[in-house]
Amino acid sequence: QVQLVESGGGLVQPGGSLRLSCAASGSIFRIYAMGWYRQAPGKQRELVATITSGGSTNYADSVKGRFTISRDNAKSTVYLQMNSLKPEDTAVYYCNAGYTYLNFWGQGTQVTVSS
C-alpha cells in the first residue's frame, strides 16, 4: 500500500511557474514508476509525465519542453516543475504510483492558470 499526498498547486498567471510535489509513504518508493496526470473540467484524465524507477522520463506532447518530472528516492518524493504555464494547463493534477499490478493515486491538487 502506498499513500500519496500532492502539494504545490495554486493560481498562477500565464507564463508563470509552479512546482508540484508528491510525497509517498507506506512502501518502498524506489521500486515504483511514478507519474503525473491531470483532469480538466469536462475532460478525461490524461497523462502529463512519467518517470520509471530507473529515472527514464516520458512526457505528453503538450508539455514537452515546459514541464520536468523528477524524483528524489531519499525523500520518497516526485516533483513536477511546470514552466511557461498556459491557461490550457488548468486542471486537477494527480500523482500516480505503479508497480506490476499495483496502482495508487493521490487526492489531487488544483492548478489554475489565469490572468
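Taking 7 Å steps out from each Cα toward its Cβ at Asp72 and Gln3 produces label points 2.0 nm apart.
Ranking Trp105, Trp36 from most to least accessible surface, computed with a 1.4 Å probe over the protein chains only, gives Trp105, Trp36.
Here the convex hull built on the C-alpha positions of the range 29-115 has a volume of 104 cubic angstrom per residue. Distance between Cα centroids, the range 91-115 to the range 30-46: provide it in whole Å. When both Cα centres are located, 5 Å separates them.
Carbon and sulfur: what percent of the chain's accessible surface (1.4 Å probe)? Ligands and nucleic acids excluded, carbon and sulfur give 48 percent.
Phi angles across the range 11-20 convert, under the Karplus curve 6.51 cos²θ - 1.76 cosθ + 1.60 with θ = phi - 60°, into 3J(HN,Hα) values of 9, 9, 7, x, x, x, 10, 9, 10, 8 Hz, Gly and Pro given as x.
If R₀ is 22 angstrom, what is the calculated FRET efficiency for the pair Ile31 and Asn103, using the beta carbon separation as r and rounding to 0.05? It comes to 0.95.
How much accessible area per residue does the range 35-88 have, counting only protein heavy atoms and a probe of 1.4 Å, in square angstrom?
Per residue, the range 35-88 has an accessible area of 55 Å².
Dipole magnitude of the chain about its Cα centre, charges +1 at Lys/Arg Cβ and -1 at Asp/Glu Cβ only, in debye to the nearest 20? Let's see the in-between values first.
Values: 10 positive and 6 negative charges, 21 e Å.
So the dipole magnitude of the chain works out to roughly 100 debye.
The values are calculated or read from the model by the stated rules, or taken from the named source; none is laboratory data. Quick caveat: nothing in here was measured; it's all calculated off a predicted structure. Neighbour counts run over all protein chains shown; Cβ positions are idealised from the backbone, glycine included. Please note that ligands, DNA and RNA were not included when accessible areas were found on the heavy atoms of the full protein model with its side chains. Shrake-Rupley method; radii C 1.70, N 1.55, O 1.52, S 1.80 Å.
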